Amino acid sequence: MTGLPHERVVDLLSGSAEHLPHAEAPQPGEVIPLIDGPVIEIVPVAEPTAHFPVAVELFGPKIQALQLVYADDRGHWPWDVGFRGGRGGQPVLGPRVLKAA
């Protein structure tokens, strides 16, 4: 997650992690409404080695990563006109993957 204060990121990641034991692993393009939180969309990180040096040290340069991109309080995404994502916006670290309907 990007563009949020540390405390809010911890809350959202913890909330997201609570879903993992009861669901399949999240896939790029999946949209998930978090309980007591925003709606998130899963986006693959294009260059994880540029953003996660500790993971690269531990697991090597072929790591893969997913970003949890959140909608603002009006339901707008960072790629929408009018997105209000707090101070500095919300950098999206990879291409959006549209799921087939």
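The values are calculated or read from the model by the stated rules, or taken from the named source; none is laboratory data. Computed from a predicted structure; not experimentally measured. Positions of Cβ are generated from backbone atoms using ideal geometry, with glycine treated the same way; all protein chains shown enter the neighbour counts.
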Could you tell me whether any residue of the range 35-58 is on the phi > 0 side of the Ramachandran plot and touching a residue at least 12 places away in the same chain (Cβ under 8 Å)? yes
Residue tally, condition in a loop (DSSP other than H, G, I, E, B), closer than 24 Å to THR49 by Cβ, modelled with pLDDT of 90 or more and more than 15 Å from the chain's Cα centre (by Cα), over the range 59-101: 4
For the range 28-67, how many residues are under 22 Å from GLY15 (Cα atoms), exposed (fewer than 14 other Cβ atoms within 10 Å of the Cβ) and of a type outside the set (D, E, K, R)? 4
Could you say whether any residue in the range 43-56 is among the β-branched types (Val, Ile, Thr), modelled with pLDDT of 95 or more and part of a strand (DSSP E or B)? yes
Of all residues in the range 1-29, how many are of a type in the set (A, V, I, L, M), within 13 Å of the chain's Cα centre (by Cα) and in a helix (DSSP H, G or I)? 5
For residues that are within 10 Å of LEU68 (Cβ to Cβ) and either free of Cβ contacts under 8 Å to residues at least 24 places away in the same chain or of a type outside the set (A, V, I, L, M, F, W, C) (or both), scanning just the range 1-14, find the one that is surrounded by the fewest Cβ atoms within 10 Å (Cβ to Cβ). VAL9
